[in-house]
There are 2 protein chains.
Amino acid sequence: MTSPLRLGVAGLGTVGCGLVRLLRQNAEQLADSTNRPIELAAVSARSRKDRGVDLGNAVWFDDAVKMAVDPGIDVFVELIGGDAGVAKEAVEAALRAGKHVVTANKALLARHGTDLAKLSEKTNVSLNFEAAVAGGIPVIKTLRESLCGNQIRRVYGILNGTCNFILTRMQQDKRSFAEALKEAQALGYAEADPTFDVGGFDTAHKLAILTSLAFGTRVAVDQMHIEGIESITQEDIESADDLDYRIKLLGVALLTESGIEQRVHPAMVPKDSAIAEVSGVTNAVAIDGDFVGNLLLAGAGAGSHATASSVASDIIDIARGGRAPAFGVPAGKLKPYKRAKLGQHQGAYYVRLNVFDRPGALAKIAGRMGEREVSLESIVQRRPPDAQVGIAAKPKPGSDTPVVMITHETTEQAIRGALEAIYKDGTVSEKPQMIRIEEL
Amino acid sequence: MTSPLRLGVAGLGTVGCGLVRLLRQNAEQLADSTNRPIELAAVSARSRKDRGVDLGNAVWFDDAVKMAVDPGIDVFVELIGGDAGVAKEAVEAALRAGKHVVTANKALLARHGTDLAKLSEKTNVSLNFEAAVAGGIPVIKTLRESLCGNQIRRVYGILNGTCNFILTRMQQDKRSFAEALKEAQALGYAEADPTFDVGGFDTAHKLAILTSLAFGTRVAVDQMHIEGIESITQEDIESADDLDYRIKLLGVALLTESGIEQRVHPAMVPKDSAIAEVSGVTNAVAIDGDFVGNLLLAGAGAGSHATASSVASDIIDIARGGRAPAFGVPAGKLKPYKRAKLGQHQGAYYVRLNVFDRPGALAKIAGRMGEREVSLESIVQRRPPDAQVGIAAKPKPGSDTPVVMITHETTEQAIRGALEAIYKDGTVSEKPQMIRIEEL
C-alpha cells in the first residue's frame, strides 16, 4: 500500500453525493483494486447544508478554485457544471498546479476540451471525463483506450435520457409530445425549461466529445447540425411503427469523403435493431471501427449512482498510475475538424405531408420529387378519408389527409429542395415533416 | 516519441494474421495514440508458409519459448491456444523473464489464471487478455478498470457465437438443431467436432474469467454447472416464441447469500430484452453493479479482425505504460471461490413434457409438482390432438402430446425432484425438457 490518493470534490449535487456514497460504501474494494486508499480530503459546494452523506474529515472550502490548487489534494474532481465561471476557472487552476482532474462537465469539455487537454499535457496530469457522456456507460475509455487500434467510421447513440423517455412514452403509451414532456418533468427527468434536452443541445455537447475521441479531431461543438424532438407527433410515431421503425433522437458522427458529419436529430431506426430496444432513460452508444466492427454499449445515461460509477472509474485510473491522452492522441496531434456538407448526406427519408384534398395534388407532389430525382420506395395514406387524395369527387374545402412517404436513397439537398417546393406550391396544409432513416 | 515497443507474436493463425494486418494498416494511428512506434520484432509459428501478411523484418523463431525470453522483445503476444504445452510454457517463461504478456488464450486463463497473475506481479509486468472473452467487446477492461468502484451482483452473457448462430437459425428459419449445426460447420463457425462449443465448454472458460474479474475470486472453471444446447428442439424454440421468450445459451455468474452461482445453460430471455435481439455470431455481456446498474456490451464475439482489435487494445495499454492487476485486484487478494448450491437456485422454469395420452396422466403430473410445492403459471398443450390429454375417450396406444408448462418461482431442487418423479411414473414418453427462465 502506498500513500492515499487525496481527492478534492467540488460540487455536492446529485453526482457529488453519489460519489461520496460510493467512496464510503465501496472503500475497501477501491483500496484493493488500486492498492491505495482513496481519501476524500476536501470538499467545496455552494452551501454547507446537510446533504445526508458522510463527509468524514474532509476539509471544507468555500472557494473551489482555492481547493483546486491546495497542497492537500492530488485530484480535483469537478462536479459543478457549466462551461464558464468557477468550474472552468477551477479546472484550469488545478491543471496548472499539476493536479489530476476528473470532471463530469460535458459543456466545459465541448467548449474548451482541446485547450484543457493541452493544459493537462503541459503539467503531465490526467484529464478524465468518463461521466461527461452517457452516464455509467464506459464509452470514453472504450474510444480512448480499447479501440485505439481501429479507424473509426461512425459513432452514434442515444445520449439524452429525457428525450428517449419522452419518445418511449409517446410510442408505448400513445402520449402526445406535450403529455410525455409533462410526465418527464413530474418525474424529474426534464427541467422546467426543457429546451436544452429536447432541443438536442445536450446530445450535441456529448456528441462533440465522442467525435473528437473517435476521429482524433479538435472538439467542434459549433459545427453541427442540430434538430430536437419537438416536431415529432403521435402520427409520426405510429407511422414509424407501421413501417417497422422506431424514432430515436440520435447523435451521429460519421466519417465521409468530404469530412465529418456531426448531426443530432430524430431518426428512424429498424425496430429489430438493438438500439430500437433501448427504452426509457437508458442511453446507448454504437461504434463502428474497421477492425472491431460494430460495438454497442447500453446502460444508465444519468442518475446519481451510475454517474458516480464513471467518476470513480476515472479516479481508479489515476490511483493506478495510468494515463492516456484526454482525446486518445496528444492534444497537439488532434487534427482540425473538417465539416462535411450535410447537403451531401446520403440516405433514405421518411416524409409526412398533410395534403389538401384537391384534384392533382398528389401528382404535383410526385412531380416535385421527380424533378430532384427523389424516388419513392413507398407511399401510405394514413387515415383514408371519404375519397382518395387528389381524386376525390367532391373534396371538402380545406380538408387534408396525412400522407407518409419513404424515399429511396437520395441526398439531403434533393429532399430538402423538393419539400420546400412542395410547401411553396400550397398543396400541403403545413410544413412537411422529414425524418432521416438511419442505416444501422 | 520514445523507443519502439517491440512485440514477439507467437501463433500466426486467424487472430495472429489479423493482428499483423492491424499493425500494418493502422500503424500511424497506433503510434499517435501511444506516442511510441509499435514494432513487430519477432514472430513464431508452426510453419513458415506464406500467410499473405507482411511480416516485415520480424525475426523468425521456430521455438516460441525461446522468443518469449529473447532480449529483442518487450511484449510476448501469445496466440497459440491451449491450456498446456508450448502456450503455457512460453507465457510462463515470458512472465518470469519480465516481459509483458498479451494473450487471447481463454483455456489457459481459465485453468491457470490465478497462478499466471501471481507470476506477472512478481516481475511487475502486465498480463492482458481482452481477446480471451467475447472477441472485440472490451469486457475485460470494463470489469478490470471501469467498474472497479462497483460491487458486481451479476454478470451474464452470450459468449459463444457458434451456439448463438445455431439458436438464431433454429428460431428465424425453423431449422432443426442438426441442420443449423451443419450450416454452422459449412460456414466455418463450428468445428468438425462441435462438442466444445455446443456443449457449453467454451462459454464456461470465458465465464470463469469474467467471474474472477467481477467478484475478485480465484478462477474456478471446474466449479460450474454446464449444459449445452444439444437438447433444444424446434418445439422448444416455437414454444418460447409463443410465450414471448427467446432461447439463448447464457453463461451466468451470480452473487448469492450462499456463494457464487456459475452456470452455463440454455435460458429463456424475454423477447423484448436487449439480449434477445443479439442474433447470429454476435456476443453480448451484461453486468449488474450496485452503482452502475445494468450495463450491456454487444459486438463481434470472434473473427480475425475483431479479436485483433482487442489484442491491439492490450498492447496499447502496455505502450502507454498503464498497468492494472490481471483480475482487477492483486492476485494475493483474490478470494477463494465459494460455490453456491445450484439446488438452491431460485427461479421460474419452462418445462416441456411428452405426455402419454392416458386417463389421469396430467393429474398425476400436477400431483408430482404439487408435492414439491411447484406451482404453475401457465400450461399449454402445444399440438391439440383429437382429444384432450388425459381425458381422451379412446387414446391411441402409445401416442403422446407435448405439454409446455411455465412454473412460478421455485428452487432448482424442487423442479428437478418433480421432473424425476414424473419420469419415473412413466406418464411421459421421454426425459422432460427443462429450461431456466432468466430474469433480466
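For the stretch A:27-50, filtering for residues that are surrounded by 14 or more Cβ atoms within 10 Å (Cβ to Cβ) and part of a loop (DSSP other than H, G, I, E, B) leaves 4.
Quick test for you: out of A:211, A:256, pick the one residue that is away from chain B (no Cβ under 14 Å), within 15 Å of the chain's Cα centre (by Cα) and either within 22 Å of residue A:343 (Cα to Cα) or polar (S, T, N, Q) (or both). From the options A:211, A:256, the qualifying one is A:211. Take the residues in the stretch A:256-275 that are among the hydrophobic types (A, V, I, L, M, F, W, C) and out of contact with any Asp or Glu (no Cβ under 8 Å at 6 or more places or on another chain), then tell me which one is surrounded by the most Cβ atoms within 10 Å (Cβ to Cβ). It comes out as A:275.
Considering A:236, A:222, which residue is free of Cβ contacts under 8 Å to residues at least 12 places away in the same chain, more than 14 Å from chain B (Cβ to nearest Cβ) and at negative phi?
Working: A:236 fails: free of Cβ contacts under 8 Å to residues at least 12 places away in the same chain.
None of the others qualify; the one that does is A:222.
Of note, residue B:20 does not satisfy the criterion of being under 31 Å from the mean Cα position of the chain (by Cα), surrounded by 20 or more Cβ atoms within 10 Å (Cβ to Cβ) and in a strand (DSSP E or B).
For residues in the stretch B:309-356 being touching a Pro at 6+ places or on another chain (Cβ under 8 Å) and facing chain A (nearest Cβ under 10 Å), which is nearest to residue A:322 (Cα to Cα)? Can you show your working first?
If we filter the stretch B:309-356 for residues that are touching a Pro at 6+ places or on another chain (Cβ under 8 Å), which is where we start, we get B:310, B:313, B:331, B:351-356.
Pick out the ones that are also facing chain A (nearest Cβ under 10 Å) and you get B:310, B:313.
Details: B:310: 18, B:313: 14 Å.
Only one residue fits best here, namely B:313.
Just so you know, in the stretch A:10-34 the residues that are free of Cβ contacts under 8 Å to residues at least 40 places away in the same chain and closer than 17 Å to residue A:321 by Cβ include one that is nearest to the other protein chains (Cβ to nearest Cβ), and it is A:32. One residue stands out in the stretch B:191-208 among those that are touching a residue at least 12 places away in the same chain (Cβ under 8 Å) and acidic (Asp, Glu): the one that is farthest from residue B:337 (Cα to Cα), namely B:197.
Taken over the stretch A:340-363, the residue count meeting the criterion of being among the basic types (Lys, Arg) and modelled with pLDDT under 95 is 2. Working carefully through the options A:281, A:264, find the one that is within 14 Å of chain B (Cβ to nearest Cβ) and in contact (Cβ under 8 Å) with a residue 60 or more places away in the chain. Result: A:281 is the single residue among A:281, A:264 that is within 14 Å of chain B (Cβ to nearest Cβ) and in contact (Cβ under 8 Å) with a residue 60 or more places away in the chain. In the stretch A:200-235, of all residues being outside any loop (DSSP other than H, G, I, E, B) and polar (S, T, N, Q), the one that is farthest from residue A:287 (Cα to Cα) corresponds to A:234.
Take the conditions part of a helix (DSSP H, G or I) and within 14 Å of the chain's Cα centre (by Cα) and apply them to residue A:267. Does it pass? No, not satisfied.
Just so you know, in the stretch A:107-157 the residues that are crowded, with 23+ Cβ neighbours inside 10 Å and hydroxyl-bearing (Ser, Thr, Tyr) include one that is nearest to the other protein chains (Cβ to nearest Cβ), and it is A:146. Taking residue B:104 as the residue in question, decide whether it is within 30 Å of residue A:142 (Cα to Cα), surrounded by 21 or more Cβ atoms within 10 Å (Cβ to Cβ), under 31 Å from the mean Cα position of the chain (by Cα) and not acidic (Asp, Glu). Yes: the conditions hold for residue B:104. Using the structure shown, decide if residue B:199 is within 25 Å of residue B:303 (Cα to Cα) and surrounded by fewer than 24 Cβ atoms within 10 Å (Cβ to Cβ). Spelling it out, residue B:199 is indeed within 25 Å of residue B:303 (Cα to Cα) and surrounded by fewer than 24 Cβ atoms within 10 Å (Cβ to Cβ). Taking the stated definitions as given, is residue B:191 farther than 30 Å from residue A:28 by Cα and acidic (Asp, Glu)? Yes; evaluated as a whole, the condition is true for this residue. For beta carbons closer than 9 Å, sequence separation of 6+ or different chains, a first residue in the stretch A:99-114 that is under 18 Å from residue A:308 (Cβ atoms) and a second that is of a type in the set (Lys, Arg) and surrounded by fewer than 24 Cβ atoms within 10 Å (Cβ to Cβ), the qualifying pairs are A:100/A:323; A:105/A:88. State yes or no: is residue B:98 touching a Ser or Thr at 6+ places or on another chain (Cβ under 7 Å), assigned by TED's automatic domain parsing to the domain that holds residue B:18 and either surrounded by fewer than 23 Cβ atoms within 10 Å (Cβ to Cβ) or outside any helix (DSSP H, G or I) (or both)? It is true that residue B:98 is touching a Ser or Thr at 6+ places or on another chain (Cβ under 7 Å), assigned by TED's automatic domain parsing to the domain that holds residue B:18 and either surrounded by fewer than 23 Cβ atoms within 10 Å (Cβ to Cβ) or outside any helix (DSSP H, G or I) (or both). Tallying residues that are crowded, with 24+ Cβ neighbours inside 10 Å and of a type outside the set (A, V, I, L, M) within the stretch B:69-95 yields 2.
Would you mention how many residues in the stretch B:288-308 are of a type in the set (Gly, Ala, Ser) and more than 7 Å from chain A (Cβ to nearest Cβ)?
Taking the stretch B:288-308 as the starting set, the residues that turn out to be of a type in the set (Gly, Ala, Ser) are B:289, B:293, B:298-304, B:306, B:308.
Then keep just the ones that are more than 7 Å from chain A (Cβ to nearest Cβ); that gives B:301-304.
The qualifying residues number 4.
The values are calculated or read from the model by the stated rules, or taken from the named source; none is laboratory data. Quick caveat, the model's predicted, so the values are computed rather than measured. Glycine gets a Cβ as well: all are built from the backbone with ideal geometry, and neighbour counts include every protein chain shown.
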